[in-house]
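Worksheet: one structure, shown below.
The values are calculated or read from the model by the stated rules, or taken from the named source; none is laboratory data. Owing to the predicted nature of the structure, the values given are computational and were not obtained by experimental measurement. Positions of Cβ are backbone-derived with ideal geometry, glycine not excepted, and every protein chain shown enters the neighbour counts.
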Amino acid sequence: MAAKNSKQFDPVKTLHEIEEKFEMFQILNEEGEIVNKDADPKMSDDELTELMTRMVYTRILDQRSISLNRQGRLGFYAPTAGQEASQIASHFALEKEDFILPGYRDVPQMIWHGLPLSMAFLWSRGHFHGNAIPEGVNVFPPQIIIGAQYIQAAGVALGMQKRGLKSVAMTYTGDGGTSQGDFYEGINFAGAFRSPAIFVIQNNQYAISTHRDVQTAAKTLAQKGIAAGIPSILVDGMDPLAVYVATRDARERAVNGEGPTLIETYCYRYGPHTMAGDDPTRYRTSETDSEWEKRDPLIRFRKYLEEKGVWDEAKEEVVIERAKDEIKEAIKLADAAPKQKVTDFIKIMHKGDMPYNLKEQFDIYTEKESK
Ligand SMILES: Cc1ncc(C[n+]2csc(CCOP(=O)(O)OP(=O)(O)O)c2C)c(N)n1
């Protein structure tokens, strides 16, 4: 028979009490109504318009990227539709001097942080020019190793802290990423140093085909931050206003020396995991898909903005056309990039005298490429 818990401490009760505290933070409901007036960020009409513009643009970019991939004109691509509030509204709270450490699905945030779209396309094609991030664009190349960016973000944030900068390092992973050791090491390190990091978990509920519920016994992913001693919040990841406010507040705390924050955005990806061939109908039902589509961040934000009189169909059409034109231009630029050569790759990766074995390969490729 299990021993009785002492009167002073009941670990089961403590667990339940902590888990119950993680209520979903929401400001804008599915109908586009403000349901949490106290938390309304009261953004200006221009800010609201800009945020909607970026989300619409990003949805078009997703649609075009999927077509370009199918035509063989893009390489690796991880669809983003459904995650616009989690991605774009969190980024909207950042400043240019902040650093982003993205995962492979976070290309939109990189673009809104200043990465030229043509470079994102080159990255997708595996062209090394896509990783030569321009000076002043504070983004890391998208991380493929699940969770690794969490440790790197803790390091970047510590560097900022040591330099006395008033900026933050923000990183993103998925629900699956929170099962990795790197996730725990990253949040623990940032917590211990109270460094200015913002850790976002985009909980789209699936790590490829594996549901979040079989990855962890934790009721929420946000509560994982508590063990690291850092403020943590569960947010409706389909609500751009709630995601924006959670990130804005996290940034404010970070630059005021109050340390890191963990944000779980509860959301959904409409498309497949990547364009490499997984079939979501094998692990999700069309009923669940349509339930989530009703919570769409663009639909609720559009309703809210139309009601306020700051958005209409004509405005949206202008954004859609602009996005299509810019995507066309960016693909042309990517097509015009010089073919990558092994010798260039070696030159970029190696500074100074080459060891003999590398030199041997360099000479072989110099010869091959001259033909
Ligand atoms: C360390 C590591 N293990 C496994 C993989 C293979 N892998 C690629 S994506 C993925 C699922 C990640 O899911 P999640 O973190 O929820 O992010 P999402 O793709 O949903 O955005 C896995 C296991 C990898 N890239 N890196």
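Of the residues examined, residue 219 is one that is within 30 Å of residue 33 (Cα to Cα), in a loop (DSSP other than H, G, I, E, B) and more than 16 Å from the ligand (Cβ to nearest atom). Does any residue of region 29-50 turn out to be closer than 23 Å to residue 315 by Cβ, under 18 Å from the mean Cα position of the chain (by Cα) and not in a loop (DSSP other than H, G, I, E, B)? No, because not a single residue in region 29-50 is closer than 23 Å to residue 315 by Cβ, under 18 Å from the mean Cα position of the chain (by Cα) and not in a loop (DSSP other than H, G, I, E, B).
Scanning region 322-344 for residues that are within 29 Å of the chain's Cα centre (by Cα), exposed (fewer than 13 other Cβ atoms within 10 Å of the Cβ) and not acidic (Asp, Glu) yields 328, 332, 336. Taking region 139-157 as the range and being assigned to a loop (DSSP other than H, G, I, E, B) and surrounded by 21 or more Cβ atoms within 10 Å (Cβ to Cβ) as the test, the residues that pass are 142, 147. In region 158-183, the residue that is surrounded by the fewest Cβ atoms within 10 Å (Cβ to Cβ) out of those that are small (Gly, Ala, Ser) and over 21 Å from residue 243 (Cα atoms) is 164. The helices (runs of 4 or more DSSP H) found entirely in region 229-340 that carry 2 or more residues being in the same structural domain as residue 52 (by TED's automatic domain parsing), of a type in the set (Ser, Thr, Tyr) and over 30 Å from residue 184 (Cβ atoms) are 286-293.
For region 203-216, does any single residue satisfy the condition of being assigned to a helix (DSSP H, G or I), of a type outside the set (A, V, I, L, M, F, W, C) and either touching a residue at least 24 places away in the same chain (Cβ under 8 Å) or within 16 Å of the ligand (Cβ to nearest atom) (or both)? Looking through region 203-216, at least one residue is assigned to a helix (DSSP H, G or I), of a type outside the set (A, V, I, L, M, F, W, C) and either touching a residue at least 24 places away in the same chain (Cβ under 8 Å) or within 16 Å of the ligand (Cβ to nearest atom) (or both).
Within region 163-172, identify whether any single residue is under 15 Å from the mean Cα position of the chain (by Cα) and hydroxyl-bearing (Ser, Thr, Tyr), and answer yes or no. Yes, region 163-172 contains a residue that is under 15 Å from the mean Cα position of the chain (by Cα) and hydroxyl-bearing (Ser, Thr, Tyr). Among the residues of region 65-104, the ones that are of a type in the set (A, V, I, L, M), within 16 Å of the ligand (Cβ to nearest atom), within 24 Å of residue 251 (Cα to Cα) and not in a helix (DSSP H, G or I) come to 2 in all.
A quick yes/no check of all residues on (1) assigned by TED's automatic domain parsing to the domain that holds residue 313; (2) without any contact (Cβ under 8 Å) to a residue 12 or more places away in the chain; (3) touching a strand residue (DSSP E or B) at 6+ places or on another chain (Cβ under 8 Å):
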{"site": "35", "(1), (2), (3)": "yes, yes, yes"}
{"site": "40", "(1), (2), (3)": "yes, no, yes"}
{"site": "59", "(1), (2), (3)": "yes, no, no"}
{"site": "77", "(1), (2), (3)": "yes, no, no"}
{"site": "84", "(1), (2), (3)": "yes, no, no"}
{"site": "97", "(1), (2), (3)": "yes, no, no"}
